[in-house]
Amino acid sequence: MCGQGFKARTVRTGKVKLTGSDKDLRPFHDQVEVLKYDVIICPTCGYTALSRFFEFVTTRQAKNIKSAISVYFIARTEQKEIYTYDEALERYRMALANAIVKKTKASKKAYLYEDGMVITQ
């Protein structure tokens, strides 16, 4: 959104082995909790979204994010290799806040909320 390039930690789908799923069809993978790495945050402006929904924003959405989120966001650099559950939950909360400001569809907001709740369990 801000035009700054950055690197984000994500899990490649072909690099982890699927070991099963629960009754809600949430997948379980070998050696890593994929949900902890599903949210991407721009370290400069605070724009946050799920990796599969990380998209360009309209001018109006960008204005809303700049006035409601970027103003309060403290720029940071990510140095950790492994996210804790608390950090992952913070990232989901940030993504949900961005989705609300962008006026995203309710289905995408529900998806963020559901995944965030799974992280807390």
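The values are calculated or read from the model by the stated rules, or taken from the named source; none is laboratory data. Keep in mind the model is a prediction, meaning the values are calculated, not measured. Positions of Cβ are generated from backbone atoms using ideal geometry, with glycine treated the same way; all protein chains shown enter the neighbour counts. The accessibility values were calculated without ligands, DNA or RNA, using every heavy atom of the protein model including side chains. Shrake-Rupley method; radii C 1.70, N 1.55, O 1.52, S 1.80 Å.
Within the range 66-121, being assigned to a helix (DSSP H, G or I) and basic (Lys, Arg) holds for LYS66, ARG91, ARG93, LYS102, LYS108, LYS109. Taking every residue in the range 3-29 that is without any contact (Cβ under 8 Å) to a residue 12 or more places away in the chain and pairing it with any residue that is among the polar types (S, T, N, Q) and surrounded by fewer than 13 Cβ atoms within 10 Å (Cβ to Cβ), at least 6 positions away or on another chain, the pairs with Cβ-Cβ distances below 8 Å are PRO27/SER21; PHE28/THR19; PHE28/SER21.
Residues of the range 42-92 that are among the aliphatic types (A, V, I, L, M) and either under 19 Å from MET117 (Cα atoms) or exposed (fewer than 15 other Cβ atoms within 10 Å of the Cβ) (or both): ALA49, LEU50, VAL71, ILE74, ALA75, ILE82, ALA88, LEU89.
Taking the range 43-55 as the search range and keeping residues that are in contact with a helix residue (DSSP H, G or I) (Cβ under 9 Å, 6 or more places away or on another chain) and of a type outside the set (Gly, Ala, Ser), which one is nearest to VAL71 (Cα to Cα)? Checking each candidate, the answer is CYS45. From the list VAL34, VAL39, the lone residue that is aliphatic (A, V, I, L, M), within 15 Å of the chain's Cα centre (by Cα) and surrounded by 19 or more Cβ atoms within 10 Å (Cβ to Cβ) is VAL39.
Residue count for the range 42-65, restricted to those that are assigned to a helix (DSSP H, G or I) and either free of Cβ contacts under 8 Å to residues at least 40 places away in the same chain or in contact with a strand residue (DSSP E or B) (Cβ under 6 Å, 6 or more places away or on another chain) (or both): 6.
The number of residues in the range 93-103 being in contact (Cβ under 8 Å) with a residue 24 or more places away in the chain, open to solvent by less than 100 Å² (accessible area, probe 1.4 Å) and out of contact with any strand residue (DSSP E or B) (no Cβ under 6 Å at 6 or more places or on another chain) comes to 4.
Checking the condition surrounded by 11 or more Cβ atoms within 10 Å (Cβ to Cβ), in contact with a His (Cβ under 6 Å, 6 or more places away or on another chain) and of a type in the set (A, V, I, L, M, F, W, C), which residue from VAL16, VAL11 passes? Going through VAL16, VAL11 in turn, just one is surrounded by 11 or more Cβ atoms within 10 Å (Cβ to Cβ), in contact with a His (Cβ under 6 Å, 6 or more places away or on another chain) and of a type in the set (A, V, I, L, M, F, W, C): VAL16. Determine whether SER21 is in contact with a Gly (Cβ under 8 Å, 6 or more places away or on another chain) and over 17 Å from LYS109 (Cα atoms). Against the criterion (in contact with a Gly (Cβ under 8 Å, 6 or more places away or on another chain) and over 17 Å from LYS109 (Cα atoms)), SER21 does not qualify. Here is the figure for the range 1-24: residues that are in a loop (DSSP other than H, G, I, E, B) and within 20 Å of the chain's Cα centre (by Cα) total 13.
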